[in-house]
Amino acid sequence: MGRKLALLIGTVKYDDPALRRLEKVAADVEDFASVLRDPAIGAFDRVDQIVDSPFAAVYSRIAEFFVNADREDLLVLYFSGHGLLDDFDEPYLAVRDTSSNLLSGTGIPRSHITAQMDRSRSRQQVLILDCCYSGNLAAGRKGSIPAAGAFRGRGNGRVILAASRDNELAKQSDASIPDSRNSVYTHFVVHGLRTGAADIDGNGFVTVNELHSYLCSEAARHSLKQAPKRWAEEDQGEIVLAANPNPSAQLPPELKSDLDSGEDAKLMGAILKLERLLQSGDRVQQRAARMNLERLTRHQNRIVSDLALRILEPEKRVQPPEVRVLNPVPAPHPHSSRTMALATAVIAVLILAVWGAYQYFGDTHGLYSTAFIPRWTVQILDPAMVRKVGAELRGHSNRPYVFDDIKGACTYIDVKPGDLITFDKLCYCPNCKVK
């Protein structure tokens, strides 16, 4: 399982007076980092943020980000700021000390990014550009560079998302979302991930393709004069970017209604239904059920929270009591075949003698019939197992009791878990009255 790594770059202020200050970029980087780090959403292992850093620091950090990745790692490179084109239509990302008159020496060139992506071992790379270039720059707006084509490379598993098409502007703000602290494109990226709205197929996960489809639908719904752009390698497959943090969307409507009702009686019934979903084979519904149960463990009603907690963390099943023999009779040393044959014959004679004595004396004379076994030291893990100890060691079908030499009769020993008892004989008399 690979890591999930992200490098988020943004530039608010520029040394070059020709490049306008972009007030919302800092919030863009901060809010996107927040959803990527959230364990319920992106669950990224590492998210690095670079804001208002100079050319040298950004240039080297991009190279370090890609070169240190492994094959299974998911890499997300995000940029929010100005995108610039030189006289040869070569795109650059502008950083704090970028000079619009000397882009080749002060801007992050496309070639540097594509080269690092090509050389990286990672087969899952996502480049997200919410940027502009000075040719279309206007107050309060961002212009787009031709990202979808310009940043293509040779790597498999690469997806590029851009805020707008080549000839469109990417706005920093729009009247349809007046209270947003983010630029328009990043606002919908963050909103789609944070609310789960970008999980279009409702399977509990947001892929890069689903995120792009959601961004396009939001741009059309809000009548934005920009159309998000996407480009991907033909064989890149589906790249899962985040999980849907709103698991109720994957639950049956009636169950979701009970959870949203806030009524304790309905919540109790909903918890029992969630328990059944936990035991189902549907991975999406299992995840939704678990997340809702975790939320209900914090419910103000103690009965509701305790029930949810009991289902999430069931008590361990009681295992059958264990009997451990601490000093069993050691195994005999190897003997020659002749000696072993003689020993076997002797043992057989003894067994027959004991069996004959049992048949003769057992019930006729009303005596307690005992069977001698080696002296055993046994640790009792459950008092109820005292009777069973003899049966397990002796293999007898009757219910044996420990034979007490002092009392001269069968008795029940009062023990506690963990006690050690030692005994020599077991009584198998079916008429024993000891209880």
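The values are calculated or read from the model by the stated rules, or taken from the named source; none is laboratory data. Small disclaimer: the values here were computed from a predicted structure and weren't measured. Virtual Cβ from ideal backbone geometry, glycine too; neighbours counted across all protein chains shown.
The table for this structure:
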| quantity | calculated |
| --- | --- |
| Single unsatisfied condition, Gly105 versus (1) without any contact (Cβ under 8 Å) to a residue 60 or more places away in the chain; (2) surrounded by 16 or more Cβ atoms within 10 Å (Cβ to Cβ) | (2) |
| Residues within the stretch 47-103 that are of a type outside the set (Val, Ile, Thr) and in a loop (DSSP other than H, G, I, E, B), tallied | 21 |
| Output for the stretch 279-306, where each listed residue is in a helix (DSSP H, G or I) and either at pLDDT below 85 or not assigned by TED's automatic domain parsing to the domain that holds Leu255 (or both) | Arg283, Val284, Gln285, Gln286, Arg287, Ala288, Ala289, Arg290, Met291, Asn292, Glu294, Arg295 |
| Only listed residue being under 18 Å from Ile128 (Cβ atoms), basic (Lys, Arg) and modelled with pLDDT of 95 or more, chosen from Arg61, Arg110 | Arg61 |
| The listed residue being without any contact (Cβ under 8 Å) to a residue 24 or more places away in the chain, surrounded by 11 or more Cβ atoms within 10 Å (Cβ to Cβ) and either out of contact with any Phe, Trp or Tyr (no Cβ under 9 Å at 6 or more places or on another chain) or part of a helix (DSSP H, G or I) (or both), out of Leu267, Leu309 | Leu309 |
| Filtered residue count, the stretch 180-218, keeping only those that are touching a residue at least 60 places away in the same chain (Cβ under 8 Å) and among the charged types (D, E, K, R) | 2 |
| Looking only at the stretch 198-237, and only at residues there that are surrounded by fewer than 18 Cβ atoms within 10 Å (Cβ to Cβ) and of a type in the set (A, V, I, L, M), the one that is modelled with the lowest pLDDT | Ala227 |
| Lone unmet requirement of (1) of a type in the set (S, T, N, Q); (2) more than 21 Å from Ala232 (Cα to Cα); (3) touching a residue at least 12 places away in the same chain (Cβ under 8 Å) for Ser80 | (2) |
| Unmet requirement for Gly42, which otherwise passes all of (1) assigned to a helix (DSSP H, G or I); (2) crowded, with 16+ Cβ neighbours inside 10 Å | (1) |
| Ala40 modelled with pLDDT of 90 or more, in the same structural domain as Ala163 (by TED's automatic domain parsing) and of a type in the set (Gly, Ala, Ser) | no |
| Which listed residue is closer than 21 Å to Asp16 by Cβ, surrounded by fewer than 23 Cβ atoms within 10 Å (Cβ to Cβ), assigned by TED's automatic domain parsing to the domain that holds Phe32 and of a type in the set (Asp, Glu), from Glu90, Glu64, Glu72 | Glu90 |
| Residue within the stretch 56-75 that is out of contact with any Asp or Glu (no Cβ under 8 Å at 6 or more places or on another chain) and of a type in the set (S, T, N, Q) present | yes |
| Leu36 within 23 Å of Ser183 (Cα to Cα), of a type in the set (A, V, I, L, M), touching a strand residue (DSSP E or B) at 6+ places or on another chain (Cβ under 9 Å) and crowded, with 23+ Cβ neighbours inside 10 Å | yes |
